[in-house]
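Reading through the structure tokens given below for one structure.
The values are calculated or read from the model by the stated rules, or taken from the named source; none is laboratory data. Because the structure is a prediction, the values reported are computed rather than measured. For neighbour counting, all protein chains shown are included, and Cβ atoms are generated from backbone atoms with ideal geometry for every residue, glycine included. Just the protein is used for accessible areas: all its heavy atoms, side chains included, with ligands, DNA and RNA removed. Shrake-Rupley method; radii C 1.70, N 1.55, O 1.52, S 1.80 Å.
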Amino acid sequence: MLTVLASTGPIEVALARSTDAVPPSGSLPGGCAYELKWDGFRGVLRRTKDSVELWSRRGVDLGWRFPDVVAAAITQVPVGTVLDGELCVWLEGRLEWGQLQRRLGSARQIAEQARTSPASYVAFDLLAVDGLDVRTRPWTARRSLLEQLGVDWRPPLQVTPVTFDRDEAEHWARDYRPVGI
């Protein structure tokens, strides 16, 4: 049975957590998929008919703080899509938490930040397609739909990489940590 997701407002999301060690691939039934854990603000992005909503995991409206991400989503994300992801700011080749926090300032400061330190949105899950709630579908099905959706995205939108290879995940854990991932 398919359900229609509410057309506006915040959406409750599952919480993720980072780990210091890459778990063995056989540690969960069915194996493991490994993703990067981005250092940013969690953001649920909803593309409505006329706009884009961007909510924190606590239900705070973030859209006006990230006009650069909203503008990209208006042109690249289909109406009725709801994404779960992370808002990040890159500076000199690494994620910059301080620049991200500047998005909590005044409208003038935010406009300056969008111009000088644009944000990125890294999607890691798909919550709705055409307004239909897909959260009860298996992760593999949602991931496949997300990859299809994001195939033509351009920055600042991107889909987080995933691997099923533990060795590659260990390389990621070692190689990406210095850049804030």
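Here are some notes:
- Residue with peak Gaussian network fluctuation, the chain [Cα springs, cutoff 10 Å], from LEU83, LEU149, LEU127: LEU149
- Cα shape, segment 91-181, gyration tensor, a/c 1.5 rule: oblate
- Percentage relative contact order, the chain, counting C-alpha pairs under 8 Å, at least six apart: 27
- The candidate values were (1) 0.94; (2) 1.04; (3) 1.11; the one computed from these coordinates for Cα Rg over 2.2 N^0.38 Å carries the label (2).
- D by Stokes-Einstein for segment 62-119, Kirkwood Rh over Cα pairs, 4 °C, 1.567 mPa s: 107 µm²/s.
- Excluding exposed DSSP-loop GluC sites (Glu not before Pro) (at most 16 other C-beta within 10 Å), longest clean stretch of the chain: 93-181
- The string of couplings for segment 156-164 from the Karplus curve (6.51, -1.76, 1.60, θ = phi - 60°) is x, 9, 7, 9, 5, x, 9, 9, 9 Hz, one whole number per residue in order, with x for Gly and Pro.
- Surface exposure of the chain, expressed per residue as accessible area with a 1.4 Å probe, stands at 56 Å².
- What you get for the chain, charging only the Cβ of Lys and Arg (+1) and of Asp and Glu (-1), is a dipole of about 460 debye around the Cα centre.
- Measuring r between the beta carbons of ASP50 and ASP175 and using R0 = 45 Å, the FRET efficiency lands at 0.60.
- What a 1.4 Å probe finds exposed on segment 45-181 is 53% carbon and sulfur by accessible area, rounded to a whole percent.
- Highest-MSF residue in the chain out of ALA128, ALA169, ALA73 [GNM, Cα springs under 10 Å]: ALA169
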